[in-house]
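Let me begin by presenting the structure, written as structure tokens, before commenting on it.
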Amino acid sequence: MWPLVLLAAALVFSGIYEMFQRRMHNQAVRDYRTRILSVLSGLYPEPVAWPKSIDTYLCARLPVMEEIILDFKPFVPQKDLPAYNRDWDDYIHFCRAEVTDDQCNTAELNPGGESSPKKKFHHLVSNLLSYAT
């Protein structure tokens, strides 16, 4: 009879643990999305308040973004971690080396030309937010 009691106790504890983990994951997803949208308000999802000196503006927010990314990393599935890290590296590279006011102005004056930094920024942030599901 003891093995059945132990098995039942193990099943109850594993069910409680699973519920706790799901609740923690859901809270982490909500926090992740909320924090990113808060840091990038006015720029994402629609660039309604695109500032001057965008490269400086984004670089100043990189430490906060890095904290958000690192806080959420334990909740990313193991199989998705390489892509998550790659998307974060792409975002950092974009903020530090790819986006400038000149590129934004050129893209606005010539909409049919090279890809817009605003569109690329939207794509990069969307990639980061795609892990919060």
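Every read-out reported here was derived from the displayed coordinates using simple, explicitly stated rules and does not represent laboratory data. Here the structure is a predicted model, which is why all the values come from computation and not from measurement. Glycine gets a Cβ as well: all are built from the backbone with ideal geometry, and neighbour counts include every protein chain shown.
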Structure-based [θ]222 nm, the chain - -39500 (n - 2.57) summed over DSSP H runs of at least 4, per residue, nearest 500: -23500 deg cm²/dmol
Karplus (6.51, -1.76, 1.60) ³J(HN,Hα), θ = phi - 60°, over the stretch 23-37, in Hz, Gly and Pro reported as x: 5, 4, 5, 4, 5, 5, 5, 4, 4, 4, 4, 4, 5, 5, 5
In order through the stretch 46-57: 3J(HN,Hα) via Karplus (6.51 cos²θ - 1.76 cosθ + 1.60), integer Hz, x for Gly, Pro: 10, x, 8, 9, 6, x, 6, 6, 4, 5, 5, 4
Contact order normalised by residue count of the chain, Cα under 8 Å, 6+ apart, percent: 28
Built amide H within the under 5 Å cut-off of SER116, gap 5+: none
Qualifying trypsin sites (Lys or Arg not before Pro) for the stretch 35-133 [loop in DSSP, other Cβ within 10 Å: at most 10]: LYS52
Proxy reagent accessibility, fewest Cβ within 10 Å first, across PHE72, PHE20: PHE20, PHE72
